[in-house]
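A short worksheet on the structure shown next.
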Amino acid sequence: MHQIHKHKHLKLYISFIFLLFLQSCFTVNYSFTGASISPEVKTVSIQDFSNLAPLIKPTLSQDITEALKNKFVSQTNLQLVNYTGDLTFEGQITGYDVKPIAIKGGENSVASLNRLTITIKVKYTNSKDPKQNFETKFTRYTDFPSTENFNTVQDNLANEIIKQLIDDIFNKSVVNW
């Protein structure tokens with residue numbers, strides 16, 4: 001009986017060692033954000049997003065570029081470099097639009113809600129794993145009451161949308177669920 005008990009412990013110990021060995025062969029870095037970045041990826045470069053939208057918010061290009069940089073600096077161990085990072089982001093703002101979406105009926109129909117929509121085109125290059133590369137448009141919007149002056153609420157609305165867009169870009173590029 002004592003010999004069988006020792007044999008089970010030995011099998012368990014060998015299985016544990018084998019699993020540790022196997023894990024070390026397939027290492028991927030995970031962060032608390034869910035990002036899975038290969039250990040050979042060390043740097044990220046984020047080029048300024050150009051603003052090609054017909055309607056322009058002067059700081060939008062800088063706001064998006066800086067938000068993406070901050071996301072990678074705060075939520076990964078990657079070093080931010082000016083050019084040719086292991087991961088590279090380039091982009092353009094292609095849309096910044098305000099449109100009425102909910103109409104109040106009656107004789108004098110008016111919009112009760114307006115929608116701010118921001119669209120950006122992103123080119124992502126992963127020099128260590130080109131299968132991960134993509135060029136995609138991301139669009140997000142938020143609605144606001146038409147009784148609010150757009151110039152007064154514009155910055156807060158844009159910041160809310162930028163956060164969503166940055167999360168989308170981050171998730172598509174380094175969160176591989």
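The values are calculated or read from the model by the stated rules, or taken from the named source; none is laboratory data. The shown structure was predicted, so the numbers you read here are calculated from the model rather than taken from an experiment. Don't worry about glycine lacking a Cβ; one is built from the backbone with ideal geometry, like all the others, and counts go over all protein chains shown.
Determine the pairs where a residue that is surrounded by 17 or more Cβ atoms within 10 Å (Cβ to Cβ), located within segment 37-57, has a partner that is part of a loop (DSSP other than H, G, I, E, B) and basic (K, R) with Cβ atoms under 6 Å apart, the partner being 6 or more residues away or on another chain.
V41/K128
Taking V73 and the conditions (1) out of contact with any strand residue (DSSP E or B) (no Cβ under 8 Å at 6 or more places or on another chain); (2) assigned to a helix (DSSP H, G or I), which numbered condition does it fall short on, given that it satisfies the others?
Looking at each condition in turn, V73 falls short on (1).
Would you be able to tell me the number of residues in segment 143-177 that are farther than 30 Å from K128 by Cβ and touching a residue at least 40 places away in the same chain (Cβ under 8 Å)?
Residues in segment 143-177 being farther than 30 Å from K128 by Cβ and touching a residue at least 40 places away in the same chain (Cβ under 8 Å): 8 in total.
I'd like to know if segment 152-159 contains one or more residues that are under 19 Å from D48 (Cα atoms), modelled with pLDDT of 95 or more and either crowded, with 17+ Cβ neighbours inside 10 Å or not acidic (D, E) (or both). Full working, then the answer.
Of segment 152-159, the ones under 19 Å from D48 (Cα atoms) are 158-159.
So of that shortlist, the ones also modelled with pLDDT of 95 or more come out as 158-159.
Restricting the remaining residues to those that are either crowded, with 17+ Cβ neighbours inside 10 Å or not acidic (D, E) (or both) gives 158-159.
Looking for residues that are under 19 Å from D48 (Cα atoms), modelled with pLDDT of 95 or more and either crowded, with 17+ Cβ neighbours inside 10 Å or not acidic (D, E) (or both), one finds at least one in segment 152-159, hence yes.
Suppose the filter is part of a helix (DSSP H, G or I), within 23 Å of the chain's Cα centre (by Cα), of a type outside the set (S, T, N, Q) and modelled with pLDDT of 90 or more; does V41 pass it?
Details: part of a helix (DSSP H, G or I): no; within 23 Å of the chain's Cα centre (by Cα): yes; of a type outside the set (S, T, N, Q): yes; modelled with pLDDT of 90 or more: yes.
So V41 does not fit the description; no.
Condition first: modelled with pLDDT of 95 or more and hydroxyl-bearing (S, T, Y). Now tell me which residues in segment 75-114 satisfy that.
Within segment 75-114, T88, T94, Y96 qualify.
Restricting to segment 72-87, and then to whatever is in contact (Cβ under 8 Å) with a residue 24 or more places away in the chain and surrounded by fewer than 18 Cβ atoms within 10 Å (Cβ to Cβ), can you tell me which residue is nearest to the chain's Cα centre (by Cα)?
Q75
Looking at segment 65-74, is at least one residue touching a Leu at 6+ places or on another chain (Cβ under 7 Å) and farther than 20 Å from V175 by Cβ?
No: segment 65-74 contains no residue that is touching a Leu at 6+ places or on another chain (Cβ under 7 Å) and farther than 20 Å from V175 by Cβ.
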